[in-house]
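The values are calculated or read from the model by the stated rules, or taken from the named source; none is laboratory data. Model, not experiment: these values are computed from the prediction. Counting neighbours? That spans all protein chains shown, and the Cβs are built from the backbone with ideal geometry, glycine included. Accessible surface is based on the protein model in full, side chains and every heavy atom, while ligands, DNA and RNA are left aside. Shrake-Rupley method; radii C 1.70, N 1.55, O 1.52, S 1.80 Å.
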Amino acid sequence: MIHNYGPHIFHTNSERVFNYLSRFTEWRPYEHRVRGVVDGRIYPFPINRDTLNQLYGLDLDEAGAAAWFERVREPREPVRTSEDVVLNSVGRDLYEKFFLNYTRKQWGLEPSQLKAGVAARIPVRTNTDDRYFTDTFQAMPLHGYTRMFEEMLDHPNITVRLGADFDSVRDSFSTGQLIFTGPIAAYFKHCYGPLPYRSLRFEHDHLAGTEQFQPVGTVNYPNDHDFTRITEFKHLTGQFHSGTSIVREYPQAEGEPYYPIPRDENEALFKRYEALAEKETNVTFVGRLAQYRYYNMDQVVAAALKAAEKLLAS
Ligand SMILES: Cc1cc2nc3c(=O)[nH]c(=O)nc-3n(C[C@H](O)[C@H](O)[C@H](O)COP(=O)(O)OP(=O)(O)OC[C@H]3O[C@@H](n4cnc5c(N)ncnc54)[C@H](O)[C@@H]3O)c2cc1C
């Protein structure tokens, strides 16, 4: 099993979301771990105490790590951009080693051009917890996401039409409620201009005869190569095989819209489209592209449940 559209790790603190999805899948407990390669050596990421000790040849305990961060951090007030967030918490050297070039590759922008929320997603720890997420529920659909969605769509009232651009079928939805989950600007024919998204090119590889390629699910390459990271799917799926499948991610401007780009000017443009959306009766806009939010899967499920509740109530 691989993830065609890049690694997707399910994690949530919402029991409601977890219970809802549990109607369509069994789970395999999985806690994601990530490493970062800096100057040819591999370190725990997000940055924790072990990262510091290994990188700088130290032997800090928890209080020592906290004091170390306190000494190297560059206090910023207010914290507006992603650069502010990282310098404010870990200082310049760790910023340059782990964040600066990764952000440039991932977004094609300087961290100072991105809103604080992007970097604020990544914690910094004084303990040695090397899990990427600390949510209450961390698990992968046991038989994969495809099977989970097949179960979800297996209902007499649901018809799936693939390869149909919304514009080519929009007339067949002229009555009743429409729930639109594509890019909001596309719905309004880009009347205020394009709303930018970041895209990715995925380079999948199967390495026959290699039982394990890397020690954890994902390894980040902040400073080397054009790709940002390599993910080895076996860690995520728990499958056994004599070979292994990996994917390299190459960020790019063109291509399928994946990530809303969190910048003030984009949010201002989104607000103009949102004002149009509010006037559109009988259409509900939900999801990462329609709400132009950097949602994780659990957040998008929560948004969908909320929208459904509202519709049912009315
Ligand atoms: C590389 C990557 C890794 C991610 N990893 C994680 C992760 O580890 N954990 C996590 O929780 N979240 C992750 N996410 C986020 C997750 O993918 C999103 O939260 C989720 O897919 C959002 O669902 P959605 O239905 O809103 O939008 P999408 O999944 O983007 O679905 C929108 C659909 O609309 C279709 N569409 C677009 N335009 C049109 C049109 N004009 N006509 C017809 N159809 C159209 C698209 O083809 C697409 O199928 C990741 C995202 C990316 C890009």
Original post:
Quick one: what pairs do we get from region 2-20, first residue touching a residue at least 24 places away in the same chain (Cβ under 8 Å) and among the polar types (S, T, N, Q), second more than 7 Å from the ligand (Cβ to nearest atom) and assigned to a loop (DSSP other than H, G, I, E, B), C-beta under 6 Å, 6+ apart or different chains?
Top reply: Thr12/Asp135; Asn13/Asp135; Asn13/Thr136
**OP:** Identify the single condition in (1) at negative phi; (2) among the acidic types (Asp, Glu); (3) more than 25 Å from the chain's Cα centre (by Cα) that Asp84 does not satisfy, given that it satisfies every other one.
**Re:** (3)
Subject >> Output for region 75-100, where each listed residue is assigned to a helix (DSSP H, G or I) and open to solvent by 50 Å² or more (accessible area, probe 1.4 Å) >> reply: Arg92, Asp93, Glu96
Original post:
Which of the residues spanning region 34-74 are open to solvent by less than 80 Å² (accessible area, probe 1.4 Å) and at positive phi?
Top reply: Gly40, Gly57
Original post:
How many of the residues in region 293-314 are within 11 Å of the ligand (Cβ to nearest atom) and either open to solvent by 40 Å² or more (accessible area, probe 1.4 Å) or in contact with a helix residue (DSSP H, G or I) (Cβ under 6 Å, 6 or more places away or on another chain) (or both)?
Top reply: 10
**OP:** Hey, could you check region 269-287 for residues that are among the aliphatic types (A, V, I, L, M) and at pLDDT 95 or above and say which is nearest to the ligand (Cβ to nearest atom)?
**Re:** Val286
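Every residue, every condition in (1) in contact (Cβ under 8 Å) with a residue 12 or more places away in the chain; (2) open to solvent by 50 Å² or more (accessible area, probe 1.4 Å), yes or no:
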position: Gln113; (1), (2): yes, yes
position: Ile122; (1), (2): yes, no
position: Thr126; (1), (2): yes, no
position: Asp129; (1), (2): yes, no
position: Tyr132; (1), (2): yes, yes
position: Phe137; (1), (2): yes, no
position: Leu142; (1), (2): yes, yes
position: Tyr145; (1), (2): yes, no
position: Glu150; (1), (2): no, yes
Original post:
Pick from region 4-33 the residues that are in a loop (DSSP other than H, G, I, E, B) and near the ligand (Cβ under 8 Å from one of its atoms): which of them is most open to solvent (accessible area, probe 1.4 Å)?
Top reply: Tyr5
Original post:
If you go through region 293-314, how many residues are of a type in the set (Ser, Thr, Tyr) and either assigned to a helix (DSSP H, G or I) or at pLDDT 95 or above (or both)?
Top reply: 0
Original post:
Looking at (1) closer than 23 Å to Tyr295 by Cα; (2) within 13 Å of the ligand (Cβ to nearest atom); (3) out of contact with any Asp or Glu (no Cβ under 9 Å at 6 or more places or on another chain), can you tell me which one Glu150 breaks?
Top reply: (2)
Original post:
Out of all the residues in region 201-219, is one or more of a type in the set (Ser, Thr, Tyr), under 14 Å from Val247 (Cα atoms) and touching a helix residue (DSSP H, G or I) at 6+ places or on another chain (Cβ under 9 Å)?
Top reply: yes
Original post:
If you check Ala290 against the conditions, is it among the small types (Gly, Ala, Ser), within 10 Å of the ligand (Cβ to nearest atom) and outside any helix (DSSP H, G or I)?
Top reply: yes
